[in-house]
Amino acid sequence: MIRIGILGEIGSGKSYVAKKFGFPVFNADVEVKKIYKKNRKCFKKLKKALPNYRLSFPIKRKDLSKIVIDNKNNIKKINKVVHPEVRVSMKNFLKKNKNKKAVILDIPLFLENKINNKKDVLIFVEAKKKDIEKKLIKRKNYNKKIFKRLRKLQLPLEIKKKKSNFVIKNNFKSLNIKKSVKIIKNKILENERNSS
């Protein structure tokens, strides 16, 4: 099974690109939402890690946003509790799809949290800053302060781009994306055939 990791800036269209490959996708953001909604064990740990805040179950993104804005160290505390749960979900996903030709891993801190393997194929989604800004502003939960804090957790984009096997330029026109994805998908499958 080929593992394909999607990298890029917040709001660059990674999840959109991930879906276009037609392989099973593990989307960490979706998993985190599920954890906040259903995982009581995680909720208890978060309450313990953030004793000065009132949290209720299911956890609301809105409440966590306030906590993140309040103190930049809180984001690390939240990640420390949530990331191990996401890893468990990912392991289950990989087990479930072990007979598939390839899977897509759409995980924001894929390299930073050392979730990647040496053999992973990395694809960097590149988009213009102004296009990203436009897209982020349209998001319901957009908060500039939070995004700045999230960005600080990430490796510089140049490093991610350098480590990647392929780059997709996203100008937010779906036809171009489909074309790029098709070319890259064929190359990945061809390389796999040649190496096996």
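The values are calculated or read from the model by the stated rules, or taken from the named source; none is laboratory data. What you see is a predicted model; the values in this text were computed from it and never measured. Cβ: placed from backbone, ideal geometry, glycine included. Neighbour counts: every protein chain shown. Note: areas computed on protein heavy atoms with side chains; ligands, DNA, RNA excluded. Shrake-Rupley method; radii C 1.70, N 1.55, O 1.52, S 1.80 Å.
Can you find a residue that is part of a loop (DSSP other than H, G, I, E, B), touching a Lys or Arg at 6+ places or on another chain (Cβ under 7 Å), open to solvent by less than 80 Å² (accessible area, probe 1.4 Å) and not aromatic (F, W, Y) anywhere in region 52-60? I'd like the intermediate steps shown before the answer.
Step one: filter region 52-60 for residues part of a loop (DSSP other than H, G, I, E, B), giving 52-60.
If we keep only those that are touching a Lys or Arg at 6+ places or on another chain (Cβ under 7 Å) too, we end up with 55, 57-58.
Subset that is open to solvent by less than 80 Å² (accessible area, probe 1.4 Å): 55, 57-58.
Keeping just the survivors that are not aromatic (F, W, Y) gives 55, 58.
Looking through region 52-60, at least one residue is part of a loop (DSSP other than H, G, I, E, B), touching a Lys or Arg at 6+ places or on another chain (Cβ under 7 Å), open to solvent by less than 80 Å² (accessible area, probe 1.4 Å) and not aromatic (F, W, Y).
Among the listed residues I146, I177, which satisfies the condition of being more than 30 Å from N71 (Cβ to Cβ) and touching a helix residue (DSSP H, G or I) at 6+ places or on another chain (Cβ under 8 Å)? Please lay out each step first, then the result.
On the way: I146 fails: more than 30 Å from N71 (Cβ to Cβ).
It is I177.
Tally up the residues in region 79-93 that are open to solvent by less than 40 Å² (accessible area, probe 1.4 Å) and either within 16 Å of the chain's Cα centre (by Cα) or at pLDDT below 90 (or both), please.
Result for region 79-93: 7.
A quick yes/no check of all residues on (1) outside any loop (DSSP other than H, G, I, E, B); (2) of a type in the set (K, R); (3) out of contact with any Cys (no Cβ under 7 Å at 6 or more places or on another chain):
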{"site": "E85", "(1), (2), (3)": "yes, no, no"}
{"site": "S89", "(1), (2), (3)": "yes, no, yes"}
{"site": "L94", "(1), (2), (3)": "yes, no, yes"}
{"site": "N99", "(1), (2), (3)": "no, no, yes"}
{"site": "I115", "(1), (2), (3)": "no, no, yes"}
{"site": "K119", "(1), (2), (3)": "no, yes, yes"}
{"site": "I123", "(1), (2), (3)": "yes, no, yes"}
{"site": "D131", "(1), (2), (3)": "yes, no, yes"}
{"site": "L136", "(1), (2), (3)": "yes, no, yes"}
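Consider region 43-61. How many of its residues are within 18 Å of N141 (Cα to Cα) and without any contact (Cβ under 8 Å) to a residue 40 or more places away in the chain?
First, pick out the residues of region 43-61 that are within 18 Å of N141 (Cα to Cα): 58-61.
With without any contact (Cβ under 8 Å) to a residue 40 or more places away in the chain added as a condition, the list becomes 58-60.
The number of residues fulfilling the criteria is 3.
For residues in region 28-78 being among the aromatic types (F, W, Y) and farther than 22 Å from R151 by Cβ, which is nearest to the chain's Cα centre (by Cα)? Step through it out loud before you land on a result.
From region 28-78, those among the aromatic types (F, W, Y) are 36, 43, 53, 57; that's our starting set.
Now restrict to residues that are farther than 22 Å from R151 by Cβ: 43, 53, 57.
Values: F43: 21, Y53: 27, F57: 24 Å.
That would be F43.
Quick grid of which residues meet (1) of a type in the set (V, I, T); (2) touching a residue at least 60 places away in the same chain (Cβ under 8 Å):
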{"residue": "I2", "(1), (2)": "yes, yes"}
{"residue": "F21", "(1), (2)": "no, yes"}
{"residue": "E31", "(1), (2)": "no, no"}
{"residue": "I35", "(1), (2)": "yes, no"}
{"residue": "R40", "(1), (2)": "no, no"}
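Which residues, counting only those in region 1-49, are open to solvent by 50 Å² or more (accessible area, probe 1.4 Å), in a loop (DSSP other than H, G, I, E, B) and modelled with pLDDT under 95?
Within region 1-49, just M1 meets the criteria.
Do you know which residues across region 101-113 are of a type in the set (V, I, T) and outside any loop (DSSP other than H, G, I, E, B)? Walk me through how you get there before you give the answer.
Of region 101-113, the ones of a type in the set (V, I, T) are 103-104, 107.
Passing the criteria: V103, I104.
Working only within region 127-148, note down all residues that are closer than 20 Å to K160 by Cβ and open to solvent by less than 50 Å² (accessible area, probe 1.4 Å).
A127, D131, I132, L136, F147
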